[in-house]
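J.: Submitted below is the structure of interest, expressed as structure tokens.
What follows draws every value from the coordinates through simple rules; no lab data is involved. No experiment lies behind these values; they were computed from the predicted model shown. All Cβ positions, even for glycine, are placed from backbone atoms using ideal geometry, and neighbour counts span all protein chains on display.
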Amino acid sequence: MGVKISESVTWVGKIDWELKKFHGEDYSTHRGSSYNSYLVRDEKVALIDTVWSPFGEEFVEKLKKEIDLSKIDYIIANHGEIDHSGGLPALMREIPDTPIYCTANAVKSLKGQFHEDWNFVTVKTGDTLKLGKKTLTFVEAPMLHWPDSMFEYLDGEEILFSNDAFGQHYATELLYNDLVDQAELYQEAIKYYANILTPFSKLVTRKIEEVLSFKLPLKMICPSHGVIWRKDPAQIVKKYLEWAGDYQENQVTIVYDTMWDGTKKMAEAIAKGIHQTDGTVTIKLFNAGKSDKNDIVTEIFKAKAVLFGSPTVNKGILA
């Protein structure tokens, strides 16, 4: 069964406790993840996103226990990537004529992946979908982090459905930001930003400033992965603005590779020297051949200085 998170919104997603790699083998998920889907009930009913493909059939069967599928009036696809849209084929076999609201780029993505000419309705920033007493307003968010991405704002409930933005790969049945370990939460949040969104930081700043300019009240942020931000949801928005700027902590990150420990000893000697010079500096030391690359990227993102070391091999370096 789903989890009711507000008067009209129910979480109907999937927690993936076993996930250890994401985006193929590209991103490590030490704490699993979740694929968040939201059912919005009013006079009309909208379903926001589905789940990753392997859980598509399970998702539909569980959704049937939550609602008669024929009563779903609209499907909203925030993003074509299959961790969001993977449940669509199974769902559309049940309710094939239900309109799917998405961006023009998402139509291309979904048609390209599933080879189906579903009932697509394209939307852009400022378009609305009236459900009854409440209305969803669409906001395009290209390159956060795909060209087809978009958000929705639910008035009356003051909820932002933020797609991949403000998310984390973090599996927990506790669901909300105020119920989980804050150190774990923010480690996963900054890792997500550093590894996925950093290349688009200027776009992140621009999009957040655009949304803030609407001066909309905000009670909750519901991302596509990880926990829902219900306690002081603006805290993660402020963090994103920090991370998208010239962000650095009082940290030096040293990354090295080594053949016979010579470069390792040099790296350790440098770390010792930094500590002796300034004991307040956090020092992170990584053997590139043995450490998780996403953890390294995260600690590079935090650092005010980064040092790299490698032995010479065939007139080059270890790679």
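J.: When only DSSP loop residues count, what GluC sites (Glu not before Pro) in region 76-173 have their Cβ near at most 15 other Cβ atoms within 10 Å? The partial results should precede the final answer.
T.: Numbers: sites: 81, 94, 116, 140, 152, 157, 158, 173; in loops: 81, 116, 157, 158, 173.
Those satisfying the criteria are 116, 158, 173.
J.: Can you give the Rg to Rh ratio of region 1-153, both from alpha-carbon atoms, with Rh computed by the Kirkwood formula? Spell out each step's value before the answer.
T.: Details: Rg = 14.8 Å, Rh = 15.7 Å.
Using only Cα positions, Rg/Rh for region 1-153 is 0.94.
J.: Assuming R0 = 25 Å, what is the FRET efficiency of residue 259 and residue 305, from their Cβ-Cβ distance, to the nearest 0.05?
T.: On the way: r = 25 Å, r/R0 = 1.00.
Efficiency computed from Cβ-Cβ geometry: 0.50.
J.: Here's another thing I want to ask about it. Which entries in the list 215/284; 14/134; 65/130; 44/65; 14/293 go over 30 Å, if you measure between the two C-alpha atoms of each?
T.: Details: 215/284 40 Å; 14/134 26 Å; 65/130 25 Å; 44/65 18 Å; 14/293 27 Å.
Cα-Cα > 30 Å for 215/284; rest within.
J.: Evaluate the Kirkwood expression for the hydrodynamic radius of region 100-172, namely the inverse of the mean inverse distance over all pairs of different C-alpha atoms, and round to one decimal in Å. Please list the in-between numbers first.
T.: On the way: mean 1/r = 0.0749 Å⁻¹.
One over the average 1/r among Cα pairs gives 13.4 Å for region 100-172.
J.: Which order do the peptides 304-315, 254-265, 95-106 take when ranked by the mean count of other beta-carbon atoms within 10 Å per residue, highest first? Working shown, then result.
T.: Details: 304-315: 12.7, 254-265: 16.3, 95-106: 18.3.
Result, highest mean first: 95-106, 254-265, 304-315.
J.: I've got another one for you. Return the whole-Å distance between the Cα centroid of region 244-319 and the Cα centroid of region 6-26.
T.: 33 Å
J.: Ok, one more. At R0 = 25 Å, how high is the FRET efficiency between residue 117 and residue 210 if r is their beta carbon distance? Nearest 0.05 is fine. Write down the numbers at each step before the final one.
T.: Working: r = 32 Å, r/R0 = 1.30.
The formula returns an efficiency of 0.15 here.
J.: Related question: Using the 10 angstrom Cβ neighbour count as an exposure proxy, how do 227, 121 rank, fewest first? Write down the numbers at each step before the final one.
T.: On the way: 227 27, 121 15.
So the ranking, lowest neighbour count to highest, is 121, 227.
J.: Say the cut-off is 28 Å between C-alpha atoms; which of 20/290; 239/264; 238/302; 21/62; 4/111 go over it?
T.: Details: 20/290 17 Å; 239/264 34 Å; 238/302 16 Å; 21/62 25 Å; 4/111 32 Å.
Violating the 28 Å limit, Cα to Cα: 239/264; 4/111.
J.: With everything on Cα atoms, drop me the angle between helix 56-66 and the longest principal axis of the chain, reported from 0 to 90° to the nearest 10.
T.: That helix lies at roughly 50 degrees to the long axis.
J.: Mind checking which of 175, 285, 88 has the largest fluctuation in a GNM of the chain, springs on alpha carbons under 10 Å?
T.: Checking each option, the largest mean-square fluctuation is seen for 285.
J.: Sticking with this structure for a sec: Restricting attention to region 1-68, which GluC sites (Glu not before Pro) occupy a DSSP loop and are surrounded by at most 15 other Cβ atoms within 10 Å?
T.: Working: sites: 7, 18, 25, 43, 57, 58, 61, 66; in loops: 7, 18, 25, 43.
Qualifying residues, ordered by number: 7, 18, 25, 43.
J.: Let me ask something additional. Enumerate by residue number the chymotrypsin sites (Phe, Trp or Tyr not before Pro) in region 3-64 meeting two conditions: DSSP loop (anything except H, G, I, E, B), and at most 13 other Cβ atoms within 10 Å of the site's Cβ. Intermediate results must be reported in sequence, preceding the final value.
T.: Values: sites: 11, 17, 22, 27, 35, 38, 52, 55, 59; in loops: 17, 52.
Hits after loop and neighbour filter: 17.
J.: Could you tell me what fraction of 2.2 N^0.38 Å the Cα radius of gyration of region 251-317 comes to, as a two-decimal ratio?
T.: Taking N as the residue count of region 251-317, the ratio is 1.11.
J.: Relative to the longest principal axis of the chain, what angle (0 to 90°, nearest 10) does the C-alpha long axis of helix 104-114 take?
T.: Rounded to the nearest ten degrees, it is 90.
J.: Can you tell me which aspartates and glutamates have their Cα less than 16 Å from the Cα of residue 265? Leave out same-chain residues fewer than eight positions away.
T.: Hits, sequence-local ones excluded: 257.
J.: Zone of residue 7 (label point 7 Å along Cα→Cβ, backbone N under 12 Å): which residues in region 124-147?
T.: 133-135
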